[in-house]
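Have a look at the structure below before the remarks.
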Amino acid sequence: MKAALLDAGLKADVQGDAGAEVDARLLRRALSNLLGNATRYAAAGSAVLVHIGRQSAGEVTITVQNAGPTIEAGHLPRHFDRFYRADPARTHADRNHGLGLSIVAAIARMHGGHAFAESADGATRIGLVFPGGDGAGKTA
């Protein structure tokens, strides 16, 4: 994934830390999908921010944020639907099939959590929320 970020002229910044009981292989897949999505739509020369944190309810949140075009609010909930594309002109259909974020949402549900998307003022955040457990599990 690091090579894809460099090829796109992007920087990555990882902030935070938290622990949760998760399947490490599935979490890597979800993060790869989130980073791939952010890389495709980020403004050239910008930074992709990965934030890992614990919410007050004990939940662990992992978000990936990129700078780029704001996504219309009506499209945000549908981003987790299989094969959904908000803008067919930017689909890269020869390489991307519209499954990445639906896989992210499925992985979140497998862990008792959910996925979310927010977009405003040229920044889009897509992430996962997991039950946090006691924090002694694998680092999320």
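Since every read-out is calculated from the coordinates, none of them should be taken as a lab result. Remember, predicted model here, so these are calculated numbers, not experimental data. When we count neighbours, we look across all protein chains shown, and the Cβ atoms used for this are built from the backbone with ideal geometry, even at glycine.
Site pair residue 2 and residue 120 shows an inter-label distance of 3.5 nm when each label is modelled 7 Å from Cα along Cα→Cβ. Fewest neighbouring Cβ atoms within 10 Å first, the residues 17, 121 line up as 121, 17. The label-point distance for residue 13 and residue 109, in a model that sets each label 7 Å from Cα toward Cβ, rounds to 3.4 nm.
Between residue 47 and residue 72, full extension at 0.36 nm per residue minus the direct alpha carbon distance yields a gain of 6.9 nm.
FRET efficiency for the pair residue 23 and residue 99, taken as 1/(1 + (r/R0)^6) with r the Cβ-Cβ distance and R0 = 22 Å, rounds to 0.75.
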